Amino acid sequence: MMENIIHDYLRPKKSFPHVWCPGCGDGIVLNAMVRAIHSLGKSKDEVVFVSGIGCSSRAPAYTDFSSLHGIHGRALPFATGIKLANPKLTVVVFSGDGDALAIGGNHFIHACRRNIDITVVVINNNIYGMTGGQASPTMPTGAYGATAPYGNLDRPFDVCKLAAAAGANYVARATAFQFFQLEKCIKEGIEKKGFSVIEAVTPCPSLYSFFNNTGRGVDMLKKLRDRAVTTQKAATLSPAELEDKIVTGVFANENFREYCAGYAELVEKAERSKKNEESL
Amino acid sequence: MLFYKLFKDKDGRKVGFVQANEACIEAALLAGMRFFAGYPITPSSEMASVSSEKLPMYGGKFIQMEDEIAAMTAVCGASMAGLKAMTATSGPGFSLKQEAIGYAAMNEIPCVIVNVQRAGPSTGLPTQVSQGDVMQARWGTHGDHPIIVLSPSTVVETADLTFDAFNLAEKYRTPVILLMDETLAHMREKITLPAENELKLVERKRATVPPSDYRSFDTRFGDVPPFEPYGGKYHFHITGLTHDEMGFPIVEPDDVVKAMDRIHRKINNNLDDIVKVKQFQTDDAEILLVSFGTPVRTCLGAMEIGRKEGLKIGVLQLQTIWPFPDKAVLNLAKKIGKIFVVELNMGQIINEVQRASQGKSNIKGINKYDGLFISPDEILSHILESKG
Amino acid sequence: MEKSKTFLFVKKNWCKKCGICVEFCPKGVFKLGKDGYPEIVALDKCVECKLCISLCPDFAIFSNPEKKKDYEDR
Ligand code: SF4
Ligand code: SF4
């Protein structure tokens, strides 16, 4: 019998169905995250699930981990406070593209630089869903949204390049369709000591589709399936061929010193100077 | 790098000649503060520096965040993980922290926020004194919310009110703001900190129910819900959305009112425990100076000089400014016909004094907002002027 | 592989009729019903690839009869 693990992890007193639209990728990504945690054999007691504001940020309410639904853009500093206060905890963050990269962009790059042992899943659906379909920092140039009626002027961030350049230890991308790859990336991210960023490219079949005619969730998942290429494959493609592709795979896998580990070293130094102080 | 030294006196108490910024952190450490998240800003920066040096010695954590907002949110996170946590900032940084302060109020997260006031608005006069953030401390974040704000006038009192701030935060599961000012922050005075066995520390109330019965905001044990930190058998959810006892979002009008009423009631039903004032020679006073923070010192100076010249001045010091000490103000307003409200702003707390005194006294403001500190002479000349 | 043990059940009050299970099951186990909900029409063909239970965004597909029982009134 195959197990649908998610049913062991739903919060007992929370009512379902959840808040997400039919065919939305957020539930798929949450399922992948839960399975990654399950496969690592983590106890629910040691996990804290943090988010900011937005569609995907509603996720922590649904699973039976202790959780914090924070304020817009600030999931990472909340998570940083939790992790540094108790480094034994496994801290996992869900953050949307707007949450993580626009209003929370500063926290995002600094969390990468700090390299604290937190895993953030950036659920990238290229749009602000909860507020009605405004252009997000990952919306492709020319795409339409509630604040881009003539087509988006801005260029999109490449989440993975940004994270890798800012110093995160682990950076990977998968689409919601590639469930098992996504699960594996999240698992590797959690296992990695240091800051891990997993970009999960997901469909928004309500708002993104409304403005850009991309069809239902099923259609958008098919499109994600067809657009996804591995990093190896991508290396063989010309820029023109790569135009509409989503490159998936691992973009950084480093072992820079993790922040809490660094802090433990610092404590040793501090204890020596405390002895000096006390000997006065 | 510390710019002060503490020595142990014969009773084992730490003694030193320190700035209020330093005294605050020393007291916080004694109060059990084990997490400080900060961002550099004048005139509160020394607090971050002292914390960065001292916290690792005490098994605590210091982190310099990327901005003021991050510092405040990290404090919320650390407190939810079970540590007594604080941050310190000044005007512009205090403005930036407001949303997260509201989050702490909404989710009943114990924490202490120090705002060393400098003159504003905007960048204002970064190195000069002001008390312009009185209303912001009460109403800075959006929405109705409970808050406790304390305001010390001396370095010694800074330490005392820092203990109080942590105790109140823990006892009532609420953010507490310590409203200082630039003059105090950088003033040096001798302090004697209590020995550890002399401290009366309050720790947050813990859950007594089994994990399956735990609620994030349990009201079955009174208006202050028991707290469990992240990382144990208790799995719970918190959110800035208006929520029920489980921490799940609510929209039903009756539920919303119930939730809002409780978080306010836990403060408003305990005013006698929370609100502190000090009275100086109010028994025979004919003129009352009402003030808070550093100008209280000047008021006391004016009282001393004035009394020598036959002016029967008394002083009411508001150590707690929010919730506002209505009772103390009204009682004195009934007795004393003339009240001067001394504040380093264009007139903020005076409106509260007027409201609380219910027309029982004649109230005038003595305001200074030029970035300089106020002198006893200035206060006396205002008093004399009004006498005509 | 022992085939007979496969159990699948769609919890209708959680299902949002997105059709993902119908579309991506490689074996045609699901069919879109008249009411818009997926119907399990060929359970014997299931190869337990887990795609349906993974991609269902609403956790509406139960693969364990015990769990289904646990969740019956939710
Ligand atoms: S497990 Fe695979 S084969 Fe079986 S029903 Fe689900 S998608 Fe189809
Ligand atoms: S994938 Fe899930 S929600 Fe979508 S139709 Fe199938 S059972 Fe229903």
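The values are calculated or read from the model by the stated rules, or taken from the named source; none is laboratory data. It should be emphasised that the depicted structure is a prediction, and the values quoted were computed from it without experimental measurement. Ideal geometry is used to build each Cβ from the backbone, glycine not excepted, and the neighbour counts take in all protein chains shown.
The condition of being under 14 Å from the mean Cα position of the chain (by Cα) and buried (at least 24 other Cβ atoms within 10 Å of the Cβ) holds for only one of A:221, A:182, that being A:182. Hey, does the range B:5-15 have a residue that's crowded, with 24+ Cβ neighbours inside 10 Å and not in a strand (DSSP E or B)? Within the range B:5-15, none of the residues are crowded, with 24+ Cβ neighbours inside 10 Å and not in a strand (DSSP E or B). Can you find a residue that is of a type outside the set (D, E, K, R), modelled with pLDDT of 95 or more and over 22 Å from residue B:119 (Cα atoms) anywhere in the range B:179-187? No; the residues of the range B:179-187 include none that is of a type outside the set (D, E, K, R), modelled with pLDDT of 95 or more and over 22 Å from residue B:119 (Cα atoms). Can you spot a residue in the range A:73-84 that is assigned to a loop (DSSP other than H, G, I, E, B), within 13 Å of chain B (Cβ to nearest Cβ), out of contact with any strand residue (DSSP E or B) (no Cβ under 9 Å at 6 or more places or on another chain) and modelled with pLDDT of 95 or more? Yes, some residue in the range A:73-84 is assigned to a loop (DSSP other than H, G, I, E, B), within 13 Å of chain B (Cβ to nearest Cβ), out of contact with any strand residue (DSSP E or B) (no Cβ under 9 Å at 6 or more places or on another chain) and modelled with pLDDT of 95 or more. The residues of the range B:287-313 that are in a strand (DSSP E or B) and surrounded by fewer than 24 Cβ atoms within 10 Å (Cβ to Cβ) amount to a single one, B:287. Those strands (runs of 3 or more DSSP E) of the range A:152-256 that lie entirely within it include none in which at least 1 residues are out of contact with any helix residue (DSSP H, G or I) (no Cβ under 8 Å at 6 or more places or on another chain) and either closer than 16 Å to residue A:94 by Cα or of a type in the set (D, E, K, R) (or both). If you take the residues of the range A:224-241 that are in contact (Cβ under 8 Å) with a residue 12 or more places away in the chain and away from ligand 2 (no atom under 16 Å from the Cβ), which of them is nearest to the other protein chains (Cβ to nearest Cβ)? Selected residue: A:228. Any chance the range B:95-107 includes a residue that's crowded, with 24+ Cβ neighbours inside 10 Å and over 30 Å from residue B:247 (Cβ atoms)? No, the range B:95-107 contains no residue that is crowded, with 24+ Cβ neighbours inside 10 Å and over 30 Å from residue B:247 (Cβ atoms).
Condition check for residue B:276 on (1) charged (D, E, K, R); (2) more than 23 Å from residue A:69 (Cβ to Cβ); (3) exposed (fewer than 13 other Cβ atoms within 10 Å of the Cβ); (4) modelled with pLDDT of 95 or more: one failure, at (3). Inside the range A:40-72, residues that are of a type in the set (Asp, Glu) and either part of a helix (DSSP H, G or I) or crowded, with 24+ Cβ neighbours inside 10 Å (or both) make up a count of 2. Of the residues making up the range B:8-21, just one is within 14 Å of chain A (Cβ to nearest Cβ), out of contact with any Leu (no Cβ under 6 Å at 6 or more places or on another chain) and modelled with pLDDT of 95 or more, namely B:15. Of the helices (runs of 4 or more DSSP H) lying entirely inside the range B:43-158, the ones with 3 or more residues being within 21 Å of residue B:347 (Cβ to Cβ) and in contact with a helix residue (DSSP H, G or I) (Cβ under 9 Å, 6 or more places away or on another chain) are found at B:91-106, B:134-139. Residues that are facing chain A (nearest Cβ under 9 Å) and over 25 Å from residue B:73 (Cβ atoms) were ranked within the range B:212-245; the one that is surrounded by the fewest Cβ atoms within 10 Å (Cβ to Cβ) is B:212. Here the condition is being within 10 Å of ligand 2 (Cβ to nearest atom) and in contact with a Ser or Thr (Cβ under 6 Å, 6 or more places away or on another chain); of C:53, C:61, C:20, it holds for C:53 alone.
Among the residues of the range B:59-81, those that are at the interface with chain A (Cβ under 7 Å from one of its Cβ atoms) and of a type in the set (Gly, Ala, Ser) comprise B:70, B:74, B:77, B:78, B:81.
For (1) assigned to a loop (DSSP other than H, G, I, E, B); (2) surrounded by 24 or more Cβ atoms within 10 Å (Cβ to Cβ); (3) within 14 Å of chain B (Cβ to nearest Cβ); (4) modelled with pLDDT under 95, each residue gets a yes or a no:
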residue: A:100; (1), (2), (3), (4): no, yes, yes, no
residue: A:112; (1), (2), (3), (4): no, yes, yes, no
residue: A:119; (1), (2), (3), (4): no, yes, no, no
residue: A:122; (1), (2), (3), (4): no, yes, no, no
residue: A:130; (1), (2), (3), (4): yes, no, yes, yes
residue: A:142; (1), (2), (3), (4): yes, no, no, no
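Checking each residue in the range A:17-37 for being touching a Leu at 6+ places or on another chain (Cβ under 7 Å) and within 7 Å of another protein chain (Cβ to nearest Cβ) picks out only A:28. Being small (Gly, Ala, Ser) and in contact with a strand residue (DSSP E or B) (Cβ under 7 Å, 6 or more places away or on another chain) holds for only one residue in B:82, B:91, and it is B:91.
Against the list (1) surrounded by fewer than 23 Cβ atoms within 10 Å (Cβ to Cβ); (2) hydrophobic (A, V, I, L, M, F, W, C); (3) under 22 Å from residue B:98 (Cβ atoms), the condition residue A:157 fails is (3). Of the helices (runs of 4 or more DSSP H) lying entirely inside chain C, those containing at least 3 residues that are more than 8 Å from ligand 1 (Cβ to nearest atom) and within 11 Å of chain A (Cβ to nearest Cβ) span C:20-24, C:65-70. Got at least one residue in the range B:38-46 being in contact (Cβ under 8 Å) with a residue 40 or more places away in the chain and under 15 Å from the mean Cα position of the chain (by Cα)? Yes.
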